[in-house]
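In what follows, a structure is listed as structure tokens, so that the remarks can point back to it.
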Amino acid sequence: MGNYDEDTAFLGQKGPFFVILFFLLNAIYISTGFHGLYIVFVGASPSHRCRVADGNLTEEWMKASIPNETVHGKPQPSQCWRYSLEAVRNLSALGYSPLDVNLTDITLERCVDGWSYSTEIYHSTIWDLVCDGEWRVPFATSTLYMGYLLGSLVSGQLSDRFGRKKVLFASLAAEALAIFAQSFSDSWLLFCVLYFFVGTFQISLYITAFVLGSEVLSKSLRVLFTTLGAFLHYCIGYMVLPWIAFAVRDWRSLLRVLSGLTVVYVPLWWLIPESPRWLLSQGRVLESEAIVREAAKKNKVKEAAASQNSKYSALDVLRTSDIRKTTFLCLLLWMAINIGYFGLSLNTTNLSGDPFLNCFLSAVTEVPAYIVSTFLLKSCPRRPVLSAFLVIGGGFLLLVQLIPESKISHAQHGPNAFGTANKILIGIQMAGKFGFTMSFTVVYIYTAELYPTVLRNLGIGMCSSAARVGSITAPYVIFLGTFNKYLPYILMGSLTVASSITNVFLPETFEKVLPETLEQMQKCKRRDKHTLEEGKGTVIMKEAKCDPTQQENNE
């Protein structure tokens, strides 16, 4: 395979073909924003108390059956305990009122008759994921990310075998069907199993669309697509999600609405082409030429085409020491970034105030991050930008320790929900989310630029698999906040700041031609290493620019 960008330069940079494809692919990413974090609302636990199932008790005794407990220094009705119903019945039958007895002398018991839930915010809940069942919430969330792990591993191989387009639309359809089936779940176990497959198809869709856009779009639109395009449109879906959830308070109805919205993407099958780069790598030159000719026709330019094919397997991602090193370092980066990003995203309902507003603010925070990263990636090297925002994201989380724990009230609603300490906490989390979003954006395009066309989908798939280890862990990291409020922030912040050192050992890809083959990738790494040695540790950007195909011609 030669230099695809050079061979297709006659198509221009921003013709109608590229612009239309840019917006069509971005439109697909809106669906990932809808589907990625709906567990924040579907799995939320509204205010609750033990159900007192006895119609003979007076309302006074019904209220008195729930003991008070101190939570974070403030008294409130217990959510997981009640006074022994048998003892309460006996006292009531003897004619006593709650004011006549010392209630604290009565034995406590668990909510054996279930719970009564507030319908102020949510009109229905998915089973009883509270008290002794509270662990099920992070586990259910982890099943999604376990699915991400499988999808990341499998999608790359399927995409390289059957094509980007087929895997993209198959994943889109399968994800919608899995969410629709999930809305009919009659047990928590079935819900989790289906959620696993939602994650599998969703990450397959995300990665495949990302790689397809990276390979088909022109060089000038590639950076825009992989930053402001894909991530911003994901964010648009993320921002719209809380408003849909606000309008549809029943979790089953919410899932059906989110699933049904996927129907609008059906016509895109006839509008989005296969990747010509992938077709060339498979030796399907005529099909690749047909797409290039169609692009030339839409862009109103003269035609040209050429290339050859090569065959590679997943083992090539780990075949040589240089590529193993690149893969290993990328795995660490993706894992650390995902723990922080998804940890903060899932934590929005634990913050004080309106959960729908908190989720919306968390999504809005990402918008300036995508805009800023777009401009930075056009003019700045990848390594220092990524390190800087990893330090920013992790550093802000470490500042949470400066807020007195007694001043923080989680998941509180009403006029006292937004105290000064809680405002500061929300501000710090949003600043940290900004840093993680920037890092997320940079690491995606950085990884895509590191791997050659023949391995790009596999490389990103492996990195995304490691990221799933981080996202699977994230719900449990947040769950640690029930024991110590600072612990999740310390863990996420420390890990992220430490990972900022990792990418220093990766080759710079700024202003370099995308490698097409494994050999071109290795030559770029050797050239970058040689430049570092000559500059005594300082990268000389002019010398570091690497055009692998030009090197091949010179040789």
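Some notes on this structure:
- Flag not set for Ile207, criterion: hydrophobic (A, V, I, L, M, F, W, C), in contact with a Phe, Trp or Tyr (Cβ under 6 Å, 6 or more places away or on another chain) and open to solvent by less than 40 Å² (accessible area, probe 1.4 Å).
- Among residues that are closer than 21 Å to Leu224 by Cα, open to solvent by less than 30 Å² (accessible area, probe 1.4 Å) and part of a helix (DSSP H, G or I), Ile460 is included.
- Against the numbered list (1) open to solvent by 20 Å² or more (accessible area, probe 1.4 Å); (2) over 20 Å from the mean Cα position of the chain (by Cα); (3) at pLDDT 80 or above, Thr420 comes up short only at (3).
- Ala336 meets the stated requirement of being in contact with a helix residue (DSSP H, G or I) (Cβ under 7 Å, 6 or more places away or on another chain) and modelled with pLDDT of 85 or more.
- Screening Ala304 on (1) modelled with pLDDT of 65 or more; (2) over 22 Å from Pro452 (Cβ atoms) shows it passes everything except condition (1).
- Residue check for Leu399: at pLDDT 85 or above and open to solvent by less than 60 Å² (accessible area, probe 1.4 Å): no
- Top-ranked residue of region 166-177 - restricted to ones that are under 15 Å from Leu212 (Cβ atoms) and open to solvent by 40 Å² or more (accessible area, probe 1.4 Å), ranked as nearest to the chain's Cα centre (by Cα): Ala170
- Phe479 in contact (Cβ under 8 Å) with a residue 60 or more places away in the chain, of a type outside the set (Ser, Thr, Tyr), within 23 Å of Cys380 (Cα to Cα) and surrounded by fewer than 24 Cβ atoms within 10 Å (Cβ to Cβ): no
- Hey, Ala498 part of a helix (DSSP H, G or I), surrounded by 23 or more Cβ atoms within 10 Å (Cβ to Cβ) and at pLDDT 70 or above or not: no
- Residue check for Tyr122: closer than 30 Å to Val469 by Cβ and hydroxyl-bearing (Ser, Thr, Tyr): no
- Residue list for region 242-262, restricted to those being outside any helix (DSSP H, G or I) and among the basic types (Lys, Arg): Arg249
- If the condition is being free of Cβ contacts under 8 Å to residues at least 12 places away in the same chain and assigned to a helix (DSSP H, G or I), then region 483-495 contributes only Leu487.
- The residue that is nearest to Ala174 (Cα to Cα), counting only those in region 14-23 that are open to solvent by 30 Å² or more (accessible area, probe 1.4 Å) and modelled with pLDDT of 85 or more, is Phe23.
- Residue check, Ile272 at pLDDT 85 or above, under 30 Å from Pro488 (Cα atoms) and open to solvent by less than 10 Å² (accessible area, probe 1.4 Å): no
- For region 289-301, a residue qualifies if it is over 14 Å from Leu21 (Cα atoms) and modelled with pLDDT of 85 or more, and the qualifying residues are Glu289, Ala290, Arg293, Lys297.
The values are calculated or read from the model by the stated rules, or taken from the named source; none is laboratory data. Quick caveat, the model's predicted, so the values are computed rather than measured. With ideal geometry, Cβ positions are generated from the backbone for all residues, glycine too; neighbour counts draw on all protein chains shown. Protein only, heavy atoms only, side chains kept; ligands, DNA and RNA dropped before computing areas. Shrake-Rupley method; radii C 1.70, N 1.55, O 1.52, S 1.80 Å.
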